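The values are calculated or read from the model by the stated rules, or taken from the named source; none is laboratory data. Computed from a predicted model, the values in this text were never measured in an experiment. Methodologically, a virtual Cβ is constructed for each residue, glycine included, from the backbone with ideal geometry; neighbour enumeration extends over all protein chains shown.
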Amino acid sequence: MKDLADPHARERALDLARHDTPPGVSPDEAIAEVRHVLNSIGDTCPECPS
């Protein structure tokens, strides 16, 4: 299997969260949410046996 992921995508996502936050959301909150989502990618499903 060949990994075609963009090695800079994570940093760009965090940059966007830092500089283009939704109204009413602090940059720190936006970054925390983006990190939470990115860190959850690849986790096993909750219904799957561990």
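Summary of computed values
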{"read-out": "Close pairs from the stretch 6-29: first of a type in the set (Ser, Thr, Tyr), partner assigned to a helix (DSSP H, G or I) and surrounded by 10 or more Cβ atoms within 10 Å (Cβ to Cβ), Cβ under 8 Å, at least 6 apart", "value": "Thr21/Pro27; Thr21/Glu29; Thr21/Ala30"}
{"read-out": "Criterion violated by Pro49 - all others in (1) in a helix (DSSP H, G or I); (2) at pLDDT below 80; (3) not aromatic (Phe, Trp, Tyr) satisfied", "value": "(1)"}
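Okay, residues lined up against (1) surrounded by fewer than 13 Cβ atoms within 10 Å (Cβ to Cβ); (2) among the polar types (S, T, N, Q):
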site	(1), (2)
Ala5	yes, no
Arg10	no, no
Asp15	no, no
His19	yes, no
Pro22	yes, no
Val34	no, no
Val37	yes, no
Ser40	yes, yes
